[in-house]
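The values are calculated or read from the model by the stated rules, or taken from the named source; none is laboratory data. Owing to the predicted nature of the structure, the values given are computational and were not obtained by experimental measurement. Every residue, glycine among them, receives a Cβ derived from its backbone with ideal geometry; neighbour counts consider all protein chains shown. Ligands, DNA and RNA are stripped out before the accessible areas are found, and what is left, the full protein with its side chains, is counted by its heavy atoms. Shrake-Rupley method; radii C 1.70, N 1.55, O 1.52, S 1.80 Å.
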Amino acid sequence: MSVREVGIVMNGVTGRMGYNQHLVRSILAIREQGGVELADGSRVVPDPILVGRSEQKLRDIAHRHDLTKWTTDLDQALSDPSVHIYFDAQATRAREKAVLAAIAAGKHIYCEKPTADSVAGAVELARAAREAGVRNGVVMDKIFLPGLRKLKRLVDVGFFGRILSIRGEFGYWVFEGDWQRAQRPSWNYRAEEGGGITLDMFCHWNYVLESIAGPVRAVTARSVTHIPQRWDEKGAGYDATADDAAYAIFELDGGTIAQLNSSWCVRVFRDELVEFQVDGTEGSAVAGLRNCRVQHRSATPMPVWNPDMPVTEPFRDQWQQVPDNTAFDNGFKVEWEQFLRHVFEEDPQPFPHDFMAAARGVQLAELGMRSSQVGRRIEVPEVSG
Ligand SMILES: NC(=O)c1ccc[n+]([C@@H]2O[C@H](COP(=O)([O-])OP(=O)(O)OC[C@H]3O[C@@H](n4cnc5c(N)ncnc54)[C@H](O)[C@@H]3O)[C@@H](O)[C@H]2O)c1
């Protein structure tokens, strides 16, 4: 059966996500396994062309992985007819312009979230892609994580009955950068560069909540900057102008209430860096990145409030692990494989994680920030465009 090499321009591969998750863990891993098999038995093998701003960094990465194609000239890369897909993992603010250029060059697009830093920009990308007839997809990695895939399995089989509420905790302490280096890039803490945890995380929460219990219909949020001064990659102090924590209530279709805390100013006393508790009439689950535990209605103990007695029940032991029952591959890679099939199959499956789905996420972030500014609950309209 035939094997076809397909050019993929990868912009932003010198960054954390672009390099680790997309180049190394996804595209190079897919090359290593001989590509992706299509329905007719043929295979497509991604051939990356690295794009970035620093020639030296690109050369180093190319050399490290025996790659030969790299350039600092995006237009030149996009004019190459062997390129089928443009991928973007640049800092958020740089994305919109580059994606529009790639759409104009007739390339299919796959990119990191958020697609833009305003809902108008995100909808404009969706419209441009639709009019150009290019296929488009956005990274929605959280629902490809083992813990959340197990949670979704429970949803699909009706384990919960009616889902009443979802409570989520995401976050960890991000060092300020003075006495220990900050483990996230400094642009994350500058609003003028597309930073801020509300924009960063609400576009994830939108598709996570949609997949568990339905679309978000209203948001009440409080976004704050707890730590107003930080130190950048070069050790220089700067004013943190973006929010570093967001506390939100989301009301979902059908009445489920989700309450999610997102914070880069919290010390972890949990089993995983993100955890969601879902409570339903028939059972509950707590899912993280990898694990998912359940407590069925039939196995629910009867705690009795008595502050005069020491704790008598081992609450955490009263839950049961959901087994993997399969080998979970890297979530970013799994989504890449789905997108490659969506682009190259003769008769492709729809790809739900597209630019319109991404625009709904950006909208939720925008409305969350507005809710915080005006101090009230905001209803979420359908995104159209
Ligand atoms: N899916 C996820 O879980 C996830 C996690 C973290 C970040 N992200 C997203 O991935 C993107 C990159 O984040 P990161 O943490 O890898 O950031 P990073 O700072 O590590 O990397 C950013 C990349 O963009 C380039 N870049 C930075 N500023 C630029 C500019 N002004 N113009 C052009 N290029 C620029 C850098 O050279 C680098 O290659 C962001 O949009 C972010 O929202 C997604």
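Which residue is farthest from S284 (Cα to Cα), if the candidates are limited to the stretch 161-182 and must be open to solvent by 60 Å² or more (accessible area, probe 1.4 Å) and in a strand (DSSP E or B)?
Start the filter on the stretch 161-182 by keeping residues that are open to solvent by 60 Å² or more (accessible area, probe 1.4 Å), which leaves 162, 164, 167, 169, 178-181.
Next, from what is left, pick out any that are in a strand (DSSP E or B): 164, 167, 169.
Numbers: L164: 10, R167: 11, E169: 16 Å.
This residue is E169.
Can you find even one residue in the stretch 181-192 that is within 14 Å of the ligand (Cβ to nearest atom) and farther than 27 Å from G235 by Cα?
no
Could you tell me whether A116 is crowded, with 18+ Cβ neighbours inside 10 Å, out of contact with any strand residue (DSSP E or B) (no Cβ under 9 Å at 6 or more places or on another chain) and on the phi < 0 side of the Ramachandran plot?
So A116 fits the description; yes.
Only one residue in L67, L78 is closer than 16 Å to H22 by Cα and either away from the ligand (no atom under 14 Å from the Cβ) or open to solvent by 50 Å² or more (accessible area, probe 1.4 Å) (or both). Which one?
Details: L78 fails: closer than 16 Å to H22 by Cα.
So the residue among L67, L78 that is closer than 16 Å to H22 by Cα and either away from the ligand (no atom under 14 Å from the Cβ) or open to solvent by 50 Å² or more (accessible area, probe 1.4 Å) (or both) is L67.
Give me the pairs, please: first residue somewhere in the stretch 1-29 and within 13 Å of the ligand (Cβ to nearest atom) and polar (S, T, N, Q), second residue anywhere and open to solvent by 40 Å² or more (accessible area, probe 1.4 Å) and part of a helix (DSSP H, G or I), beta-carbon distance under 9 Å, and either six or more positions apart or on two chains.
N11/A94; T14/K57; T14/D60
Go through the stretch 232-255 and count every residue that is open to solvent by 10 Å² or more (accessible area, probe 1.4 Å) and not in a strand (DSSP E or B).
Here the count works out to 11.
What are the residue pairs meeting all of these: first residue in the stretch 358-382, first residue closer than 13 Å to I249 by Cα, second residue charged (D, E, K, R) and assigned to a helix (DSSP H, G or I), Cβ atoms under 7 Å, and 6 or more apart or on different chains?
Final answer for the pair search is I378/R370.
Regarding the stretch 223-230, can at least one residue be identified that is of a type in the set (A, V, I, L, M, F, W, C), open to solvent by less than 50 Å² (accessible area, probe 1.4 Å) and under 23 Å from T115 (Cβ atoms)? Step through it out loud before you land on a result.
Of all residues in the stretch 223-230, those of a type in the set (A, V, I, L, M, F, W, C) come to 224, 227.
Next cut, open to solvent by less than 50 Å² (accessible area, probe 1.4 Å) only: 224, 227.
The next check asks that each one be under 23 Å from T115 (Cβ atoms); those that pass are none.
Checked the stretch 223-230: no residue is of a type in the set (A, V, I, L, M, F, W, C), open to solvent by less than 50 Å² (accessible area, probe 1.4 Å) and under 23 Å from T115 (Cβ atoms).
If you check E96, E124, E131, which single one turns out to be at pLDDT 95 or above and open to solvent by 70 Å² or more (accessible area, probe 1.4 Å)? Don't jump to the end; show me each part of the working.
Working: E96 fails: open to solvent by 70 Å² or more (accessible area, probe 1.4 Å); E124 fails: open to solvent by 70 Å² or more (accessible area, probe 1.4 Å).
Going through E96, E124, E131 in turn, the sole match is E131.
Residues that are open to solvent by 60 Å² or more (accessible area, probe 1.4 Å) and either within 16 Å of the ligand (Cβ to nearest atom) or under 19 Å from R377 (Cα atoms) (or both): does the stretch 203-212 have at least one?
Step one: of the stretch 203-212, the residues open to solvent by 60 Å² or more (accessible area, probe 1.4 Å) are none.
No, there is no match, as no residue in the stretch 203-212 is open to solvent by 60 Å² or more (accessible area, probe 1.4 Å) and either within 16 Å of the ligand (Cβ to nearest atom) or under 19 Å from R377 (Cα atoms) (or both).
So which pairs qualify, if the first residue must be in the stretch 91-115 and under 15 Å from Q76 (Cα atoms), the second must be near the ligand (Cβ under 6 Å from one of its atoms), the Cβ gap must be under 7 Å, and the two must be at least 6 apart or on different chains?
Pairs that qualify, where the first residue is under 15 Å from Q76 (Cα atoms) and the partner is near the ligand (Cβ under 6 Å from one of its atoms), are A98/Q90.
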